[in-house]
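Sharing a structure, written as C-alpha cells. Questions coming.
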Amino acid sequence: MSTFQELGLSEPVLRSLAEMGFEEPTPVQVRTIPYLLQGRDVIAQALTGTGKTAAFGIPLVERIDVERAEPQALVLAPTRELAVQVAEQVSRIGRHRGVLLVPIYGGQPYDRQFRALRRGVHVVVATPGRLMDHLRRGTAQLGGISMLVLDEADEMLNMGFLEDIEEIVSHLPTERVTALFSATMPDPILRLARQYMREPEIIQLSRPRKLTVPEIDQVYYQVPGRQKFEALCRVLDAKRPERALVFCATKRMVDEVVEQIQARGYLADGLHGDMSQATREKVLRAFREGRIEVLVATDVAARGLDVPEVTHVINFDIPPDPEYYVHRIGRTGRLGRSGEAMTFVTPWETRELRLIERVTGATLRRENVPTIAEAEQREAEILQERLLHALTTGQWGPQRAVIEELLDDYDPVDLAAAALSLVPTRPSRATRAVARAPAGGPPPAAEAPAAPAVERVPEPRARAELREERAARERARPSSPAARQPRSAPARPRNRTARPPWRRPGR
C-alpha cells in the first residue's frame, strides 16, 4: 500500500491528513493501521521519528463513536511534553470527525481538566501519575475505554510507572484493543505485553542491532571536559544549524551552558524538570517557531519533542545508556529528513562509546573539532548561497541604480565586497553580527588624540575569532593567585560567654 486511500480510511480523516501535509504512509503506518482497524492487538518496535503517533492516532480516530460523549480511547505517555504533542496530533487527525480530546498531565490546573472531563470527551491522553490522581478522586471514568495505547512504553518502565500502569489497566474493560509502541524492546516490555495483550501482532521494523535512523549522520569528537564549551561553539559556528538540540546530563549543566552561549550571542534557552509547566511550554513554542536556535535540555525533552526542523543533535554529555542515545538522536532525521548527531566524548568515556555502538549497531565516525578557519569558510559559503539566491530572484533591482552611480569612482569588486559586509550572514543572528569596516573605501579620517576607543571602527574579523579571544580573556581574568583566592569569612570571637539567654545551651 502506497497511499492512505488504500488503507480504507474515511473521507474526514483523509481530509485532515491532507491538511497536515501527509502524502503517503510510512512503513510503520502501513503495517500497523490495518491491524488496529481490525481490532487486533499490536506491539510495534520502530525507529524513533518514523510516524508512530499517526500509526495509532489514525485508527484511534476511526474507531471513535462521536455520538457517545464519554472516553473511548486512552493514550498513556511518559512525559508531559509527549502527552501534549500526541494530543495535538491526534486532535488534528480527528478534527473533521468531531473527535474531542483532553490532555491530562502534571503541572496543569486540575479544574481545567475537571471541566473537560465533565463536558465529555472521546479521547484521553495522559501521563500515568496525573491520571492516577483523577482515578483516586473519582473524576475520570474509564469504563467505556475500547482502545488503550502505551506510547514509549520502555521509557515509562524506566521511569518507574509499571505499578501505575497496572493500576490504570485494572480500571479498563477487558474487551479492548491494546497497542504498545516502543523504540526498544527489553524483556520487561515483553512481559507486560504477555500479561495484558491477547495474541498481539508483533511488528518490528528496526533490526535488533540497528536502532538508529540511517538518514542521521553520526559522529563523535574526543574533547577534554574543560574544553567542551569551546568545542560546542566551534561546532555551532561551523555547522550553522537551523535548529539544534543540545543534551546535558544535569539540570545545573543545562543552566551553565545556556548562560554561556547566550553571553556569546546565540539565540538559546534551556529545558529541564525544575522549570514550571508554563515556562516549558513557552520555551518549546519559541523553539518550534524558530525564535530559539539552540535548545539545551536534559533527557526530559528527549522523549516526545517533535520538531521536524531540528537538523542537529549534540550530546554535550555522553548518554548514560544506549537507549537514551537512540531517543536523543531520534529528535533529528524525522520522517525521512536528513540530520546530524554529534557526541562529545572525553578520553575516559571511550568504553561507553563502544557500548553504544555495540548495542545500537551504529558506527560513530570520529572527527576533529572544527577550526576557526572552517567556521569562517562555512560563513562564506552561506553568504555565497544567499547572494546567488538573490541574483536568481531579481529582488536587487532598486539597488542597481545606487551601484551604477558609484561605479565611476570605485572598483566594482570593492563595491560588492562593501555591500556584502553590510549584510549579516544570517538574519536570525543579526543581533550579534560584528561591525565591519567597508573594504576598499576611502581611509577613515584621522582620530583626535583624546578620542575614546569606542569610536574606532574595528577591522573586519570573523565572529568565531572574536569569540575565541573573548573566551581567552575570560579565562585569563584572575591575573594573580591572590585574586583567585576566595574571600575568607571574618573570624568568630573566641569568647562566647556573653551569649544572649536564648542562645545558651539547654534553652
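Quick one: how many residues across the range 168-182 are surrounded by fewer than 15 Cβ atoms within 10 Å (Cβ to Cβ) and in a helix (DSSP H, G or I)?
The total comes to 1.
Those residues that are within 32 Å of the chain's Cα centre (by Cα) and modelled with pLDDT of 90 or more, I need them from the range 167-199; list them, please. Let's see the steps before the verdict.
So in the range 167-199, the residues within 32 Å of the chain's Cα centre (by Cα) come out as 167-169, 177-193.
Scanning the range 167-199 gives Glu167, Ile168, Val169, Val177, Thr178, Ala179, Leu180.
Let me ask something additional. Can you find a residue in the range 372-391 that is among the β-branched types (Val, Ile, Thr), over 23 Å from the mean Cα position of the chain (by Cα), at pLDDT below 75 and more than 20 Å from Cys248 (Cα to Cα)?
Yes - at least one qualifying residue is present in the range 372-391.
Right, another one. Would you confirm, using the coordinates I've provided, whether Thr79 is surrounded by 23 or more Cβ atoms within 10 Å (Cβ to Cβ), in contact with a strand residue (DSSP E or B) (Cβ under 8 Å, 6 or more places away or on another chain), among the hydroxyl-bearing types (Ser, Thr, Tyr) and touching a residue at least 12 places away in the same chain (Cβ under 8 Å)?
Numbers: surrounded by 23 or more Cβ atoms within 10 Å (Cβ to Cβ): yes; in contact with a strand residue (DSSP E or B) (Cβ under 8 Å, 6 or more places away or on another chain): no; among the hydroxyl-bearing types (Ser, Thr, Tyr): yes; touching a residue at least 12 places away in the same chain (Cβ under 8 Å): yes.
So Thr79 fails the test.
Can Ile93 be described as in contact (Cβ under 8 Å) with a residue 12 or more places away in the chain, over 23 Å from Leu271 (Cβ atoms) and of a type in the set (A, V, I, L, M, F, W, C)?
Values: in contact (Cβ under 8 Å) with a residue 12 or more places away in the chain: yes; over 23 Å from Leu271 (Cβ atoms): yes; of a type in the set (A, V, I, L, M, F, W, C): yes.
In short, yes.
In the range 83-112, what residues are over 24 Å from the mean Cα position of the chain (by Cα) and either closer than 22 Å to Phe56 by Cβ or among the basic types (Lys, Arg) (or both)?
Correct list: Gly94, Arg95, His96, Arg97, Gly98, Val99, Leu100, Leu101, Arg112.
The values are calculated or read from the model by the stated rules, or taken from the named source; none is laboratory data. This one's a predicted model, so the numbers in the text were calculated from it and none came from an experiment. Virtual Cβ from ideal backbone geometry, glycine too; neighbours counted across all protein chains shown.
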